[in-house]
Structure formats: structure tokens, C-alpha cells
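K.L.:
Take this structure first; my questions come after.
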Amino acid sequence: MTHYYISTTLKAMQTNQRTEHLVRLRTLKVNSTLQASNSKWSLNSIIDLINLPFNDLLFQAQQIHRTHFNANEVQLSTLLSIKTGGCPEDCAYCPQSAHYETDVQASKILDTEEVKAAAQEAKKNGASRFCMGAAWREPKDRDIEKVVELIKVVKELDMEACCTLGMLSAQHAEQLKNAGLDYYNHNLDTTPESYADIITTRVYQERLDTLENVRNAGVHVCSGGIVGMGESRQERAGLIHQLANLEPYPESVPINNLVQVEGTPLYGTKELDPLEFVRTIAVARITMPKARVRLSAGRQNMNEATQALCFMAGANSIFYGDKLLTTGNPDWDRDRSLLEKLNIRTV
Ligand code: SAM
Ligand code: DTB
Ligand code: SF4
């Protein structure tokens, strides 16, 4: 029994060292291309990871997490929808798309004072990052001027500023950087192979191009995806494969569990087994060791035990505040109580 324990522990440690070794050795540039044949992570190696016995997977994820982070620390980001609804894109998961009939009312961009008040509240509640989302395919020049003003307001409060505004040109990325933007969120959402099943109004390469513009402007990249859209485990591995092979991989990786909204095409999709969600987090942690892996949308329907497992698997950031963009999120007090129960400090 003891021998069995020691030998599996050694094996896991060896695998872990090999993983770290690979990360160090393989510096080949993927350069934002869809093919990952020469990439640092092969799809098969990620499929092998996601298929590991659950405890072995979590053990590896924990070891890597503890090598790079304090395992009892979680970063808090608060979201605000600064421009809601009426989006021309047809993302099958999204209640803000103008293609679907949902309860979301389209609105104009918020006033600076409204944004300032929301950021102040987030700061008072302990968030370190304030993320502003807009339901745009891409911002226009005058939208950027307004967002520049909003970024400055957030920076004056001494918070990190993040935006997610859709596709971004190199010039717009530069303007946002000059305003003080710290992070830009732009999710790959799924695999290149499944992309057209989820979104028909843009292509995967456009997502990669925006990420490159953001990176070149010197803004930190926040990019992740959505699970629970009816995909297979292999496809979840495929999403992580894309993210982990970006060169460099994103500093921040939001993993969203689909929030099913009535009126969207994905409403009624079979719910993902929560342990599959935990596996996805663990694989993100192992393949992107230094990234902040964010347990993102979908927490409202996730029990505390599942969230605790996600933190154990290497998640170390959450969206904090009673609303995501248009849908609910656990309220401040509920999250504070969970984090206290787990003795998790916040940053
Ligand atoms: N319009 C911009 C874009 O799509 O890049 C920015 C805002 S968009 C709402 C940001 C991200 O929210 C999407 O990429 C997707 O990952 C996530 N999202 C949207 N609807 C969601 C849902 N119902 N459940 C989970 N995540 C969702
Ligand atoms: C991300 O990955 N998830 C957030 C944020 N980035 C912008 C958005 C989740 C949206 C969930 C559905 C809604 O509230 O509209
Ligand atoms: Fe528009 Fe973004 Fe929603 Fe897609 S995810 S419909 S681009 S707001």
C-alpha cells in the first residue's frame, strides 16, 4: 500500500517535472496560427492530461499551482457592462446578440459618473481589477475616445483596468494602452473546428489577430473560453490546447461555464458535469502555470464544494459582484462567506 502510494507520487512528480521541463525547453513561436503541429503542447498530451484519474490530475495541478502561486490566494475582478445588448454578432451563447429574442434591453454606453460609482463600489468591496464589457463587434473611433475616459477613471481609483470590447485594431489597442489599460479580455471561446457552429459572423483568425494587436501594444492578454456548450471532453482539451500554445500564453484565463439564457440557441443544452468543469480548470493550470486562471461565468449555479474543487485545481481568480454582464453572479456576501470558509485571502 505504502509502496503503491510512493511510486504513484514519484510518477506524478516525474510527470510534473517533465511538464515543467517541456514548458522551459520548447520556446517555438506559434505566432497566432491555427495549426499547432510544432507547438509546445500537443493536443494528445492535453487529452492525456484531461483523461487522467481525477485525483492524479488534481495532484499535478496543485503541485504546479503551488510552485507559482500562494494556493490560498484568489484575485477579485468586478465586471460592468458599459454598453449592453443590440450586438450585431450571432454568438449562440450570448443574450446580448441582436439575432435572438432575450430579456436583455439594448442601451447606450454608460455615463462616466455611473462607471465611476460602480468602480468605487467594487474597490470598496475589495476588488483589485475592474472589467468593462461592451456588446460590440468592434469599437468605432468615437467609442475608443469614450473608453479612454473610462479607463482613466478606473486608474485614478488605483485599480487595474480591463476592457472587453470585441475586435481591436492595432491603433485602438495602442490608444487603450496609452490610457493606462492593464488587460484586454478577448476569448477564443471554443476550438477552431467548432467555431462556426457557435458563431457565423466572424472567424477564429480574427480573434487571434486581435490578441496579437493587444499583445503588441503591451497590454496584458486575458483570454479563455466557455464550456458546457455541448462539447466533448476532447473539445475542452482542444480549447486549452489553443490557449496554452499562444506565445506567450495569456496572463489571465477565464473559464466560463455556459450561463443558459432563454432565447439563445444554446438554451436547453445538457448541463456539464461539474467534475468536467474542474478537470478543465486543472488542465488550464498545468498547461499555463503562471496564468491567473479565473473561475468565471456559471458560479451562481455551482455549489460551494465544486468551487472549492476548482480552487484546489488551480483557479485563483473570480468575477466578484452580484452581476456578470447581464446575468447574475453570487452576491458579495455569499462570496466573502465562501472565501472565509476556505481561509482564502484575496488580492
Ligand atoms: N462583445 C465582446 C466579445 O464578444 O468579445 C465582449 C463582450 S462578450 C459578452 C465577452 C465574453 O463573455 C464572451 O467571449 C464569452 O466568453 C462570454 N459570455 C457571453 N455570454 C456568455 C454566457 N451566456 N455564458 C458564459 N459566458 C458568456
Ligand atoms: C469572460 O470570460 N466572462 C465574462 C467576461 N469575460 C466579460 C462575461 C460573462 C458573461 C456571462 C453572460 C452575461 O452576464 O451576459
Ligand atoms: Fe456580441 Fe460579444 Fe455577445 Fe458575441 S459575445 S453577441 S460579440 S456581446
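The values are calculated or read from the model by the stated rules, or taken from the named source; none is laboratory data. Being a predicted model, the structure only gives us computed values, none of them experimental. All Cβ positions, glycine included, derive from the backbone under ideal geometry; neighbour counts span all protein chains shown. These accessible areas exclude ligands, DNA and RNA; they are computed on the full protein's heavy atoms, side chains included. Shrake-Rupley method; radii C 1.70, N 1.55, O 1.52, S 1.80 Å.
K.L.:
Which of the trypsin sites (Lys or Arg not before Pro) found in the stretch 267-321 are in a DSSP loop and have at most 16 neighbouring Cβ atoms, other than their own, within 10 Å?
P.N.:
K270, K290
K.L.:
With charges set only on the Cβ (+1 for Lys and Arg, -1 for Asp and Glu), what does the dipole of the stretch 163-288 come to about its Cα centre, in debye to the nearest 20?
P.N.:
180
K.L.:
Given 0.36 nm per residue, what is the gain on full extension from K123 to A196 after removing their alpha carbon distance, in nm?
P.N.:
22.4 nm
K.L.:
How large is the dipole of the chain about the Cα centre if only Lys and Arg carry +1 and Asp and Glu carry -1, each at its Cβ, rounded to the nearest 20 debye?
P.N.:
1140
K.L.:
Please report the carbon-and-sulfur percent of the accessible area for the chain; probe 1.4 Å, protein heavy atoms only, DNA, RNA and ligands left out.
P.N.:
Of the solvent-accessible surface of the chain, carbon and sulfur hold 49 percent.
K.L.:
Per DSSP helix of 4 or more residues, -39500 (n - 2.57); summed, then divided by the residues of the chain. What does that give at 222 nm, rounded to the nearest 500?
P.N.:
-13500 deg cm²/dmol
K.L.:
Identify unpaired cysteines across the chain, taking unpaired to mean no other cysteine Cβ lies under 4.7 Å from the residue's Cβ.
P.N.:
C87, C163, C222, C310
K.L.:
So what's the gap between the Cα centers of the stretch 54-101 and the stretch 262-289, to the nearest angstrom?
P.N.:
10
K.L.:
Something else now. Mind scanning K270/K323; K83/K341; K108/K290; K155/K290; K155/K270; K146/K290 and naming the pairs with a C-alpha gap bigger than 30 Å?
P.N.:
K83/K341; K108/K290; K155/K270; K146/K290
K.L.:
Apply the Karplus parameterisation 6.51 cos²θ - 1.76 cosθ + 1.60, with θ equal to phi minus 60°, to every residue of the stretch 314-329 and state each ³J(HN,Hα) to the nearest whole Hz, in sequence, with x for glycine and proline.
P.N.:
Calculated HN-Hα couplings, in order: x, 5, 9, 7, 9, 7, 10, x, 6, 9, 8, 9, 10, 10, x, 9 Hz.
K.L.:
Round to the nearest 0.05 the FRET efficiency obtained for E251 and E156 when R0 = 25 Å and r is the Cβ-Cβ distance.
P.N.:
0.60
K.L.:
Using DSSP to call loops (not H, G, I, E or B), can you name the GluC sites (Glu not before Pro) in the stretch 52-143 whose Cβ has at most 11 other Cβ atoms within 10 angstrom?
P.N.:
Hits after loop and neighbour filter: E101.
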